[in-house]
């Protein structure tokens, strides 16, 4: 079971990282459009639609990745002090009351929304000759499906935590540097750092 959970974590992580490259594409497109508009006096009607679609895809397809990393916004003031079983109980309740109904509705409504868009080969109405948006709207149910699968994984994690009293492991990703762990890895103590500071301070004083 744990292997299956970590495999889905890896898929969500892979999808999130692939779509994260849209940040680079979006930055380049904005830079190009600003240069074209103000330096060449040649704006493009499709540029604004392209920016919206890139940001929208990035935002939607990163949902499962963020959930896999337990990175969604949470009121952590009290939650962080709760024992794991109580945390799991709260999470499990919220998943069934809010998450599952909301995400299932997103998938269903997004499927109908995208289907209608494909049926008429919908184009953007922001400009007179807007680019197609049916492929963009297809992202809605796809992102919802990824989020739903990852949500089921998190529900299973809650159940495991209720049984074992501790949270199962996740796939590790880039994290902020933990100074204390770094000290342990390189076998450095606070006293050693203080001595080094004293030596450097004395050396600076002698140089003057």
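The values are calculated or read from the model by the stated rules, or taken from the named source; none is laboratory data. Note that the structure is predicted; figures quoted are calculated from it, not measured. Backbone-built Cβ (ideal geometry, glycine too); neighbour counts: all protein chains shown.
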Which members of segment 24-75 meet the condition of being assigned to a helix (DSSP H, G or I), in contact with a helix residue (DSSP H, G or I) (Cβ under 7 Å, 6 or more places away or on another chain) and farther than 24 Å from residue 9 by Cα?
25, 26, 29, 30, 33, 47, 50, 51, 53
How many residues does segment 12-29 hold that are surrounded by fewer than 16 Cβ atoms within 10 Å (Cβ to Cβ) and more than 24 Å from residue 44 (Cα to Cα)?
4
I need the full set of residues from segment 114-127 which are surrounded by 15 or more Cβ atoms within 10 Å (Cβ to Cβ) and part of a helix (DSSP H, G or I), in order please.
114, 117
Whether any residue in segment 95-103 is part of a helix (DSSP H, G or I), farther than 19 Å from residue 72 by Cβ and assigned by TED's automatic domain parsing to the domain that holds residue 153 is what I want to check.
no
Go over the candidates 130, 110 one by one and state the one that is in contact with a strand residue (DSSP E or B) (Cβ under 7 Å, 6 or more places away or on another chain), in contact (Cβ under 8 Å) with a residue 24 or more places away in the chain, surrounded by 12 or more Cβ atoms within 10 Å (Cβ to Cβ) and on the phi < 0 side of the Ramachandran plot.
130
